[in-house]
Amino acid sequence: METSIHPFARLEPARVVAAVESLGFWLPGEPFALNSYENRVYLVHDDERRRWVVKFYRPGRWSDAQIQEEHDFLAELEAADVAVAAPWRDEQGVSLHRAEGFRFALYPQLPGQAPELENPAHLFALGEVIGAMHAVGESGRFAHRRTLNLDDMLAEACDGVLSSPWLDQRQRRAYTRVTDSLRSALVDRGWAPERSIRVHGDCHLGNMLGRDEVFGLVDFDDCLMAPAVQDIWMLLTGQEEGEWQMQLSEVIEGYEQHRDFDRSELALIEPLRAFRLIRHSAWLVARWEDPAFPVAFPWLADAGYWDDHIRQLEQQRRVLDAAVSGQA
């Protein structure tokens, strides 16, 4: 019986080099694979010693129009002096390129290291760059990218998990019970679409790089229309109330150098945390046919993982309930 070959399996180094050189560059060395699962991303340098990050988009995930909106948003941000890496464009202004069935883009490397979330100066700087990005983001709207819709996107995620082969009947019942409860709670805590702006969508430490308290944002692959707090809540990692408040204060102070922050959106943090927990497991399930995923996440097929995941979701539901009780 024939085994289907995943498209990314064809991306050997020679193909990566040939794709980049088709744009008029010459690469004297081999590409270096960077840590990325959704797409395939490589670091290359050309004969002028410029360092580039080349991203090959996952086939079938985004339409050309959705990718182009990502690129155009980055160009808009770069023009406003926001610290981002906008894709290179050829003489015709094209930023989305094709080679042997793949779509790819070339970005100048944004050097630096991830920020330290216990460092107040780093938090202020992160708030500042996110605020600058959102000041541009609120000036227009995406026509093709998604709008964060808790009900529809959670239904999609839960259906994907329940269609996988790894949950037994007991786990399916428990997962359905807790996710139905969370979906109901999250929809009740939703927001009006008109409150959404263009955001990065995935502001975790791996997508923030810099040095000397100056940081930039990379990988806008998940950019969408969403509340501003979507790009802030993952920076608030403090376990103690005082530490959490310090982080929030520094981030918001930096943010408001460019744009006012609506503090009523802080009530969305725990719903967004629950949303991410559900979506992450669903993402792993959806990508299992990619040979990189079983190697990187072998525990996904273990019953113990799903028991832990269900307990984590139940705990998050209690957190949501406690937050409501505290506001009553």
- All positions within region 72-108 that are modelled with pLDDT under 95 and of a type outside the set (Asp, Glu): ALA85, GLY101
- Residue selected from region 251-268 under the condition small (Gly, Ala, Ser) and surrounded by fewer than 18 Cβ atoms within 10 Å (Cβ to Cβ), by the criterion farthest from THR237 (Cα to Cα): SER264
- Of the residues in region 21-51, those that are touching a His at 6+ places or on another chain (Cβ under 9 Å) and closer than 18 Å to GLY101 by Cβ number 2
- For region 57-86, which residues satisfy the criterion of being among the small types (Gly, Ala, Ser), touching a residue at least 12 places away in the same chain (Cβ under 8 Å) and more than 23 Å from GLU128 (Cα to Cα)? SER63, ALA65
- Task: May I ask you to verify whether GLY254 is in contact with a strand residue (DSSP E or B) (Cβ under 9 Å, 6 or more places away or on another chain), in contact (Cβ under 8 Å) with a residue 12 or more places away in the chain and not aromatic (Phe, Trp, Tyr)?
- Result: no
- Message: Just checking, does region 42-50 include any residue being surrounded by fewer than 18 Cβ atoms within 10 Å (Cβ to Cβ) and touching a Lys or Arg at 6+ places or on another chain (Cβ under 6 Å)?
- Response: yes
- Query: Any chance region 142-160 includes a residue that's farther than 19 Å from SER184 by Cα and of a type in the set (A, V, I, L, M)?
  - Reply: yes
- Message: Out of the residues in region 52-77 meeting the condition of being within 23 Å of ARG98 (Cβ to Cβ) and over 18 Å from the mean Cα position of the chain (by Cα), tell me which one is surrounded by the most Cβ atoms within 10 Å (Cβ to Cβ).
- Response: TRP52
- Item | Qualifying position, being of a type outside the set (D, E, K, R) and either in a loop (DSSP other than H, G, I, E, B) or surrounded by 20 or more Cβ atoms within 10 Å (Cβ to Cβ) (or both), among ALA143, ALA121 | ALA143
- Message: Of everything in region 230-246, what is of a type outside the set (Ser, Thr, Tyr) and surrounded by fewer than 21 Cβ atoms within 10 Å (Cβ to Cβ)? Give them in sequence order.
- Response: MET234, LEU236, GLY238, GLN239, GLU240, GLU241, GLY242, GLU243, TRP244, GLN245, MET246
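One line per residue, one yes/no per condition, for (1) hydroxyl-bearing (Ser, Thr, Tyr); (2) in the same structural domain as ARG146 (by TED's automatic domain parsing); (3) part of a loop (DSSP other than H, G, I, E, B); (4) free of Cβ contacts under 8 Å to residues at least 40 places away in the same chain:
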site	(1), (2), (3), (4)
LEU43	no, no, no, no
ARG49	no, no, yes, yes
ASP90	no, no, yes, no
GLY93	no, no, yes, yes
ARG103	no, no, no, no
- Item | Odd one out for ASP202 among (1) part of a loop (DSSP other than H, G, I, E, B); (2) under 26 Å from PHE124 (Cβ atoms); (3) in contact (Cβ under 8 Å) with a residue 24 or more places away in the chain | (3)
- Message: The conditions are (1) part of a loop (DSSP other than H, G, I, E, B); (2) more than 30 Å from VAL53 (Cβ to Cβ), and LEU182 fails exactly one of them. Which is it?
- Response: (1)
- For ASP219, all conditions in the list (1) under 24 Å from ILE310 (Cα atoms); (2) at pLDDT 90 or above hold save one; what is the number of the exception? (1)
- Can you confirm whether region 58-72 contains a residue that is assigned to a loop (DSSP other than H, G, I, E, B), more than 19 Å from GLY137 (Cβ to Cβ) and touching a strand residue (DSSP E or B) at 6+ places or on another chain (Cβ under 6 Å)? no
- Message: For region 214-221, check the following and say yes or no: at least one residue is surrounded by 21 or more Cβ atoms within 10 Å (Cβ to Cβ) and in a helix (DSSP H, G or I).
- Response: no
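The values are calculated or read from the model by the stated rules, or taken from the named source; none is laboratory data. Predicted, not measured: the structure shown is a model, and the values here were computed from it. In this analysis, Cβ positions are derived from the backbone assuming ideal geometry, glycine residues included, and neighbour counts consider all displayed protein chains.
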